[in-house]
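Quick note: the coordinates plus some simple rules give every number you see, no bench work behind them. Everything quoted here is computed from the prediction, not taken from an experiment. Note: ideal-geometry Cβ built from the backbone for every residue, glycine included; neighbour counts use all protein chains shown.
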Amino acid sequence: MADSTKQNNKAKNNLLATAAKSNTAGILAIIIIASLVMSFTQKEFATAVNFNVIARSFSVMAIVGLAQMVILGMGGMNLSVGAIGGLVGVTVGGLMATLNWPISLAVIAGLFVGATCGCFNGWFINRVHDPLNRLNVTSFLVTLASASVFTGINLGMTRAVPIYGLHDSFISVSRMTIGGISVLILIMIPVAFTVAFIMHKTSIGRQMLAVGGNSRAAELSGVSISKITIFSNIISGILAAIAAIIVISRLGSAQPTVGEGWLLFSFAAPLIGGTKLEGGQVNVSGTVLGAVLLALASNSLVHLQVSVYWVTFIHGLIIVAAVGIERLRTISAEKWGTYIHE
Amino acid sequence: MQNKYVKRIIREELLGIIIALTLIILVLVFFAEGFASSYNLNALSKTIAIIIVVGLSQLAVLSIGHLNLALGSMGCVTGMFTGFLLQEYSNLPLFIILLMGLLMGALTGFIQGAFIVKTKINPFIVTLAFVSIYIGLVTGITKGEVFTRQPEIFMAINRTNILFEIPLLLIISLAVAAILIVLFFRTVLGRQVLAAGDNLKAATFAGINTMYIVIAAHTLSGTLAGTAGILQISRLGAATPTIGADWLLISFAAPILGGTILSGGKVSIIGTILGAMMMSTIVNGLFLLDVSHFWFQTFLGGILIGSYEINKLRRRYLLQK
């Protein structure tokens with residue numbers, strides 16, 4: 001009797017392991033299937049040009065997704081990713097075009113602005129945080145306000161006028177390809193690896209996930225929540241800055257509207273990829289694949305000639321579908337889970 | 001016992017915001033050219049009217065500890081729908097059109113609430129998705145069209161003033177607030193909502209059907225968002241897809257300035273009204289003081305952050321008691 005239950009548990013254990021891993025595999029499967037379908041049914045889909053269009057798009061979305069992911073991991077949320085992006089974009093553009101700064105200095109300045117915005121967020125979250133509230137309510141409120149502040153500074157400086165006249169070599173980066181593959185992927189991949197390294201292989205990354213999982217327990221174990229809050233928000237700000245710099249290179253000008261549509265995708269990519277909304281668990285490869293899926297979906301809509309007026313509606317459906325599937329997975333994982341703990 | 005204590009806290013908080021508001025108004029009367037003119041006050045009152053209802057829409061879900069990110073889109077759906085009816089079906093009695101508009105608002109809220117309850121997906125994500133779903137529906141169906149023809153009787157609502165030049169819009173808005181006060185504090189449903197917001201488990205054990213409460217709260221939020229949308233199209237004289245686009249921040253700012261806490265269970269409708277007044281007055285003042293309108297966003301964010309600071313001080317003060 002005992003033997004058969006042990007065997008049963010082992011079998012279910014393996015199934016659970018596969019189910020947990022299947023998230024990334026699942027997304028990959030959807031991507032492959034969708035790509036195949038699109039390649040066969042649409043003329044212009046399976047071309048190198050289109051591949052790079054998708055690649056450029058998902059490189060940016062992946063980094064934006066990662067910017068949100070690191071905050072989700074520590075149990076918060078960052079509504080200001082788009083606003084930081086916009087502010088960094090016009091700062092870098094303005095420095096290059098108006099003050100004629102060299103590219104490298106302007107980029108560093110942009111990253112610095114992103115880090116400062118993140119630091120501001122983190123500092124304020126610490127100030128305002130009420131232990132009775134969950135961390136993500138506080139971060140929601142603070143970043144809601146700070147998003148307004150950053151956008152306000154952005155618009156106040158630029159008066160909603162885009163900045164043209166960026167250095168040519170800067171603009172051409174986004175069009176370059178190495179071996180036929182867009183350079184932007186080659187920028188995104190090391191960024192993703194760095195984030196993964198920080199989250200999974202460093203002590204501070206583990207502390208971030210600990211705070212996200214159970215902030216009270218983490219605090220009692222000696223983790224400084226205030227330091228982690230500031231650190232993770234700085235990382236988030238820097239990632240948003242990187243994404244913004246790539247975007248203005250692609251656009252060829254610094255538009256104050258950069259970042260306006262980022263909010264939905266910044267949540268969609270991590271959630272599709274298996275990052276938990278409540279915190280404590282992140283999935284970097286999942287976030288990247290989630291961004292790929294979103295870019296693929298957007299690109300497909302264009303090929304399918306879906307009216308541009310319906311695109312927003314479909315984006316909303318996509319995020320519902322993604323989270324819904326995630327919920328089903330969690331529910332079934334929970335069911336299996338009950339068999340593991342005898 | 002508990003009730004009296006809560007009432008006293010609210011009254012003390014309201015005192016603080018009343019003082020702040022009075023000071024701001026005094027400053028503006030003396031330093032901002034044209035603030036005290038009847039034209040400006042009239043326009044300001046109309047803005048306040050809309051912001052009050054937007055704030056109340058968010059308040060409806062804050063009461064159970066949820067957030068409604070989609071209220072701008074809900075207002076847009078209702079506003080556009082009502083605008084469409086006003087233009088294409090102007091032969092219908094106005095009262096029927098308005099009723100249909102409100103029902104549409106209720107429907108948008110109901111769908112969202114039912115969705116949350118049925119799928120048990122995190123409410124934040126659901127409302128985030130519905131932002132896109134509803135606004136996408138509007139743009140998808142209307143393809144960017146705006147509705148500019150309104151029947152004379154509807155347009156008259158915007159022009160009507162009662163008593164000392166108080167706009168009808170403001171009276172309507174205050175009436176809505178009064179209805180909500182009755183709803184929350186004098187009806188069984190209202191008490192149940194507040195109980196559920198305060199402590200969901202306790203409410204469930206007390207026999208309250210929390211599923212219905214969630215759906216009810218979101219439906220109410222949708223209805224109020226719809227009301228704000230209709231007030232907005234009255235003010236604008238047209239129904240455009242941009243309605244509600246900038247409502248998110250102010251929908252939180254008004255209740256928070258007014259002392260509503262975000263974990264649920266405690267609402268202050270008077271506070272929301274005062275919060276709406278404070279925000280609109282400050283923005284109006286900035287406009288009159290010739291501050292570039294691009295900085296308004298920064299100010300709104302700053303006001304919101306300021307209110308968190310004040311809340312913190314309040315909490316410290318309360319704990320000391």
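For chain A, averaging the sequence separation of C-alpha pairs within contact (under 8 Å, six or more residues apart) and dividing by the residue count gives a relative contact order of 34 percent. Averaged over peptide B:122-131, the number of partner chain Cβ atoms lying within 10 Å of each residue's Cβ comes to 6. Taking the Cα centre of each part, how many Å lie between the range A:258-309 and the range A:161-208? With the range A:258-309 and the range A:161-208 each reduced to a Cα centre, they are spaced 17 Å. Counting Cβ atoms of other protein chains within 10 Å of each Cβ in A:134-147 and taking the mean gives 4. When +1 charges are put on Lys and Arg Cβ atoms and -1 charges on Asp and Glu Cβ atoms, the dipole computed for the protein assembly as shown relative to its Cα centre reaches about 1520 debye. Spacing of the modelled spin labels on A:Leu301 and B:Ile141, each 7 Å from Cα toward Cβ, amounts to 1.8 nm. Enumerate the residues in the range A:171-189 having an amide nitrogen under 20 Å from the point lying 7 Å beyond the Cα of A:Thr98 toward its Cβ. Of the residues in the range A:171-189, A:171 have backbone N under 20 Å from the label point off A:Thr98. Residue by residue, the range B:138-153 carries 3J(HN,Hα) couplings of 4, 5, x, 7, 8, 6, x, 6, 10, 10, 10, 8, 10, x, 3, 5 Hz when phi is fed to the Karplus relation 6.51 cos²θ - 1.76 cosθ + 1.60 (θ = phi - 60°); x denotes Gly or Pro. In terms of packing, defined here as the mean over residues of other Cβ atoms within 10 angstrom, the peptides B:151-161, A:189-199 line up highest first as A:189-199, B:151-161.
When you count the other C-beta atoms within 10 angstrom of each residue and take the mean per peptide, A:79-92, B:210-223, B:181-194 line up highest first as A:79-92, B:210-223, B:181-194. Summing +1 for each Lys or Arg and -1 for each Asp or Glu among the other residues whose beta-carbon sits under 11 angstrom from that of B:Ser234 gives +3.
For the range A:38-340, the number of Lys pairs separated by eight or more positions or lying on different chains, with C-alpha atoms closer than 24 Å, is 4. Can you bin the range A:44-104 into rounded, prolate or oblate? Criterion: square roots of the alpha carbon gyration tensor eigenvalues sorted a ≥ b ≥ c, rounded for a/c under 1.5, prolate for a/b above b/c, oblate for the rest. Oblate shape, in that a/c is at least 1.5 and b/c is the bigger or equal ratio. For the protein assembly as shown, the extents of the C-alpha atoms along the principal axes are 76, 72, 56 Å, listed from largest to smallest. When the range B:1-137 is described by a simple charge dipole with +1 on each Lys and Arg Cβ and -1 on each Asp and Glu Cβ, the residue from B:Val126, B:Ser45, B:Phe84 located farthest towards its positive end is B:Val126. The simple spin-label model puts a point 7 Å past each Cα toward its Cβ; for B:Ile181 and B:Phe31 those points are separated by 3.3 nm.
Peptides B:291-300, A:263-272, A:288-297 ranked from most to least packed by the mean count of surrounding Cβ atoms within 10 Å: A:263-272, A:288-297, B:291-300. For the range A:279-285, backbone phi angles converted through the Karplus equation (6.51, -1.76, 1.60; θ = phi - 60°) give residue-by-residue couplings of x, x, 9, 10, 9, 5, 5 Hz, Gly and Pro being listed as x. Lysine pair count for chain B with Cα-Cα distance under 23 Å and sequence separation of 8 or more or different chains is 12. Taken as Cα centroids, the range B:61-135 and the range B:167-181 sit 20 Å apart, rounded to the nearest whole angstrom.
A Förster distance of 22 Å, applied to the separation of the beta-carbon atoms of A:Leu220 and A:Cys119, puts the FRET efficiency at 0.25.
Given Cβ point charges of +1 (Lys, Arg) and -1 (Asp, Glu) and nothing else, what value in debye, to the nearest 20, does the dipole of chain B about its Cα centre take?
Magnitude of the dipole: close to 1200 debye.
Counting only other chain Cβ atoms within 10 Å of each residue's Cβ, the peptide B:225-235 averages 0.
First check a/c for the range A:38-340, with a ≥ b ≥ c the square roots of the eigenvalues of its C-alpha gyration tensor; if it is under 1.5, answer rounded, and if not, answer prolate when a/b is larger than b/c or oblate otherwise. Oblate is the answer for the range A:38-340, as a/c is 1.5 or above yet b/c matches or exceeds a/b. Label point of B:Ser292 set 7 angstrom out along Cα-Cβ; within the range A:130-162, amide nitrogens under 14 Å from it belong to A:151-162. What you get for the range A:38-340, charging only the Cβ of Lys and Arg (+1) and of Asp and Glu (-1), is a dipole of about 260 debye around the Cα centre.
Rounded to whole numbers, the Karplus 3J(HN,Hα) couplings from phi for the range B:176-182 are 4, 4, 4, 4, 5, 4, 4 Hz, using 6.51 cos²θ - 1.76 cosθ + 1.60 with θ = phi - 60°, and x at Gly and Pro. Taking the alpha-carbon centroid of each part, what is the distance from the range A:74-102 to the range B:197-262 in angstrom? Answer, in whole Å: 32. In a fully extended conformation the segment linking B:Ala156 and B:Asn209 would gain 14.8 nm over its present Cα-Cα distance, using 0.36 nm per residue. Please work out whether chain B counts as rounded, prolate or oblate from its C-alpha gyration tensor, where a ≥ b ≥ c are the square roots of the eigenvalues and a/c under 1.5 means rounded, while otherwise a/b larger than b/c means prolate and anything else oblate? Note, shape of chain B comes out oblate.
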